[in-house]
Amino acid sequence: MSTTYPVELPDVNYFTRQVLCREGCPVRTDSGGYVQAIAEGRYEDAYVIARTPNPFASICGRVCAAPCEAKCRRGALDAAISIRALKRFVCEKFGVESEDFDLGRVYPELRNSRRERLGGGRKVAVVGAGPAGLSCAHELALMGFAPTVFEARELGGGMLVLGVPEYRLPREIVRAEIEAIASLGVDIRLNSRWGRDFLLADLKRQGFEAVFIGIGAHKSRELSIEGVQLDGVLRAIDFLLNVNLGFRVTLGRKVVVIGGGNVAFDVARSVVRQAEKFAGMSEAELRAALHLAASALEELTAKDAEAPDEVRLALDVAREAIRKGVPEVHMFCLENLGEIPAAREEIEEAEKEGIQLHTRYGPKRILGRDGKVSGIELIRAGRVFDENRRFNPQFIEGSEEVVDCDTVVLAIGQSADLTCIRPEDNLKLTPRGTLQTDPLTMATSRPDIFAGGDVAFGPRIIITAVAEGKRAARSIAKFLTGREPAEPRQARVTIFNTRQYRMKPDYEKFVRRPPPTLALDRRIGIAEVELDYPQPDARRQADRCLKCHISPVFNGDECILCGGCADVCPEYCLRLVDVASLRGDARLQSAFLARYGRMPAAGEQGAIIKDETRCIRCGLCAARCPTGAITMERVELVPV
């Protein structure tokens, strides 16, 4: 049987899809674009690229889960580009944390007082000042609407300030990002709780024509085992909220954290960090410090399941606590090391810091004495996922073990508190306890109410909440005006001189280096653990980018099928084949008919096919081509 090759004819959409980091970002940030700008020393351009689609660029530069890195093509070669840390690098120079910050550089249209304003000042209410709500308000304000944000607590930011530890995300960065959003004309009203200070009907009476709900998921999920009611059992979210709000929680001398996600690691590291901060104090003072540590632990757990940096800090605290003889921190999770959902770097930091991680264990019951926690009984897990990769843990009978401890922190997830919804609101809930929401339009069961973030889909990462807030804003605009607020784009092609197109020498050998971190003996209080790249290191890391925006393009009229390109390709991604062996959609058939007037028979015509997953954009094929049939081109869609 002859071999056939499935192929796709490249067009502008094809080339757009090759920028995998951008495709992986929920808000379609052109990560490769700002990485390449950094490599060229164009730092302000890099910041504009990073900030344009994301009102929380400076925050994401510190705590984003970086789905862009998971997609990065360089990851298949050795390790992904350090996209998140490079974003922080440019934000330090031109973002809200810099003296040179100017939102007008990012959105030049703000300087034009006569610009068309789609919204016409129409009022929209946003309930919740977390990433989803503030992103929605930001987008609405840019379109000319008049958004008002109602926040239940005394400060904005949602889980950015209530769940993410300050050592991972300085509060002045969050405040500055929110101030930048407010500068667009967004009215933010604090201490305004839905269900206590206003109802949805009140918002309608006040003239708000549409409502976005983004109140997050601040309620810890419960574990249905014996002993969860004992004094000393803490829920991660409650713990983290207490820590970040400055309250203290007593932990004792030995803490067990149940969970394997980033939140669980945050909890563990927060325990250690808080304890280490007060090392050397009296026993009474130390106990107070441990309360605070427990608080931090719970708050960290409360944060989005995306905060790897917080995870690291909690682990740092645990390690220092162990070294100084304060609380001993153990983590137990169902998954093995290959299955743990937390970031690999967080796990490694935890082990370095002395936190003891135990895999393939599940909690069976919590033991107590006189109403207080005295230990926990765990059981070994034979497997966590079934043959279809669905979560379906099975336990090994007779493998129970008892671990003595003073505190158990449950980091097993969180849910939304929707007790504020009234029957007359006509809002439907899902079986999971979230608001029924269309993931494409963010519309709820009421045409004038939209939702996004954790309240709509359960705990998400920050950048996903940002994307949902932006998507909801566009749907609200269409609902109120009948117009699609789409940005017109057109194709642009940039052709590079083949003799001048060069990647950096040995770029494929450049090794990923993490940004510097604070010395272990200085990781106390709210000091940031991860630091910024020095400029030479940032450019070196940016030089690792494979420049997926640029691709070799082949001109069939000039090609003589000599095979030189396939011979010189270091990744063996080019192949000469018989045209008759190609199979594709109707466009391929049309191309054959247009070129040959009929479908070619076997052995009549040749073709060059390319495996896009292997190409490293070295340009050697173009340099080798004797007829100039291959050019290196950047094909992209740009705003008109």
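Within the set Glu528, Glu468, the sole residue that is in contact (Cβ under 8 Å) with a residue 24 or more places away in the chain and either surrounded by fewer than 21 Cβ atoms within 10 Å (Cβ to Cβ) or in the same structural domain as Val243 (by TED's automatic domain parsing) (or both) turns out to be Glu528. Out of Leu582, Leu574, one residue alone is within 30 Å of Tyr34 (Cα to Cα) and in contact with a strand residue (DSSP E or B) (Cβ under 6 Å, 6 or more places away or on another chain). It is Leu574. Looking at Asp567, is it touching a strand residue (DSSP E or B) at 6+ places or on another chain (Cβ under 8 Å), assigned by TED's automatic domain parsing to the domain that holds Ala622 and over 25 Å from Lys71 (Cα atoms)? When the stated conditions are applied, Asp567 does not pass them.
Checking Ile449 against (1) touching a Ser or Thr at 6+ places or on another chain (Cβ under 6 Å); (2) crowded, with 20+ Cβ neighbours inside 10 Å, only one condition comes out false. Which one? Of everything listed in (1) touching a Ser or Thr at 6+ places or on another chain (Cβ under 6 Å); (2) crowded, with 20+ Cβ neighbours inside 10 Å, Ile449 misses just condition (1).
Check whether at least one residue in region 483-491 is among the small types (Gly, Ala, Ser) and touching a strand residue (DSSP E or B) at 6+ places or on another chain (Cβ under 7 Å), and report yes or no. The answer is yes; a qualifying residue exists.
Listed here are the residues, each with its yes/no results for (1) touching a His at 6+ places or on another chain (Cβ under 9 Å); (2) surrounded by 14 or more Cβ atoms within 10 Å (Cβ to Cβ); (3) hydroxyl-bearing (Ser, Thr, Tyr).
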{"position": "Leu546", "(1), (2), (3)": "no, yes, no"}
{"position": "Phe554", "(1), (2), (3)": "no, yes, no"}
{"position": "Glu558", "(1), (2), (3)": "no, no, no"}
{"position": "Val568", "(1), (2), (3)": "no, yes, no"}
{"position": "Tyr572", "(1), (2), (3)": "no, no, yes"}
{"position": "Ser581", "(1), (2), (3)": "no, yes, yes"}
{"position": "Arg587", "(1), (2), (3)": "no, no, no"}
{"position": "Phe592", "(1), (2), (3)": "no, yes, no"}
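The residues of region 508-529 that are of a type in the set (Val, Ile, Thr), modelled with pLDDT under 90 and under 25 Å from the mean Cα position of the chain (by Cα), listed by number, are Thr517, Ile526, Val529.
Residue-wise test of (1) in contact with a helix residue (DSSP H, G or I) (Cβ under 8 Å, 6 or more places away or on another chain); (2) closer than 30 Å to Leu582 by Cα.
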| residue | (1), (2) |
| --- | --- |
| Thr4 | yes, yes |
| Phe15 | no, yes |
| Val19 | yes, yes |
| Pro26 | yes, no |
| Gly41 | yes, no |
| Tyr47 | yes, no |
| Arg51 | yes, no |
| Ala79 | no, no |
| Val90 | yes, no |
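If only one of Gly104, Gly120 is in a loop (DSSP other than H, G, I, E, B) and out of contact with any strand residue (DSSP E or B) (no Cβ under 8 Å at 6 or more places or on another chain), which one is it? Within the list Gly104, Gly120, the selection yields Gly120. Just a yes or no: is a residue in region 208-228 crowded, with 24+ Cβ neighbours inside 10 Å, at pLDDT 65 or above and β-branched (Val, Ile, Thr)? So far as region 208-228 goes, yes, one or more of its residues are crowded, with 24+ Cβ neighbours inside 10 Å, at pLDDT 65 or above and β-branched (Val, Ile, Thr). Checked against the criterion of being modelled with pLDDT of 95 or more, touching a Lys or Arg at 6+ places or on another chain (Cβ under 7 Å) and not in a strand (DSSP E or B), the candidates Asp537, Asp532 yield just one match: Asp537.
Just one of the numbered conditions (1) crowded, with 18+ Cβ neighbours inside 10 Å; (2) in a loop (DSSP other than H, G, I, E, B) is not true of Pro147: (2).
Looking at region 589-600, is at least one residue touching a residue at least 12 places away in the same chain (Cβ under 8 Å) and either within 30 Å of Ser31 (Cβ to Cβ) or of a type in the set (Asp, Glu) (or both)? No, that holds for no residue.
The residues listed here are Leu520, Leu440, Leu410, Leu429; of these, the one that is of a type in the set (A, V, I, L, M), within 30 Å of Tyr361 (Cα to Cα) and surrounded by fewer than 18 Cβ atoms within 10 Å (Cβ to Cβ) is Leu520.
For residues in region 445-471 being of a type in the set (A, V, I, L, M) and farther than 14 Å from Pro55 by Cβ, which is farthest from the chain's Cα centre (by Cα)? So the residue we want is Ile449. Listed by first and then second residue, the pairs linking a residue in region 617-640 that is surrounded by fewer than 21 Cβ atoms within 10 Å (Cβ to Cβ) to a residue that is β-branched (Val, Ile, Thr) and part of a loop (DSSP other than H, G, I, E, B), with Cβ atoms under 7 Å apart and 6 or more places separating them unless they lie on different chains, are Ala623/Thr498; Thr627/Ile560; Thr631/Thr498. One residue alone among Phe56, Phe94 is buried (at least 24 other Cβ atoms within 10 Å of the Cβ) and over 18 Å from the mean Cα position of the chain (by Cα), and that residue is Phe94.
Among the residues of region 5-34, those that are among the basic types (Lys, Arg) and either outside any loop (DSSP other than H, G, I, E, B) or more than 14 Å from the chain's Cα centre (by Cα) (or both) comprise Arg17, Arg22.
Among residues of region 35-70 being among the aliphatic types (A, V, I, L, M) and part of a loop (DSSP other than H, G, I, E, B), the one that is farthest from Leu86 (Cα to Cα) is Ala65. Do we have Glu97 as more than 23 Å from Ala473 (Cβ to Cβ) and in contact with a Ser or Thr (Cβ under 7 Å, 6 or more places away or on another chain) here? Criteria met by Glu97. Taking the criterion of being of a type in the set (D, E, K, R) and either in contact with a His (Cβ under 7 Å, 6 or more places away or on another chain) or surrounded by 19 or more Cβ atoms within 10 Å (Cβ to Cβ) (or both), the only residue of region 595-616 that qualifies is Lys610.
The values are calculated or read from the model by the stated rules, or taken from the named source; none is laboratory data. For clarity, every value in this text was computed on a predicted model and none was experimentally measured. Every residue, glycine as well, gets a Cβ built from its backbone with ideal geometry; the counts of neighbours run over all protein chains shown.
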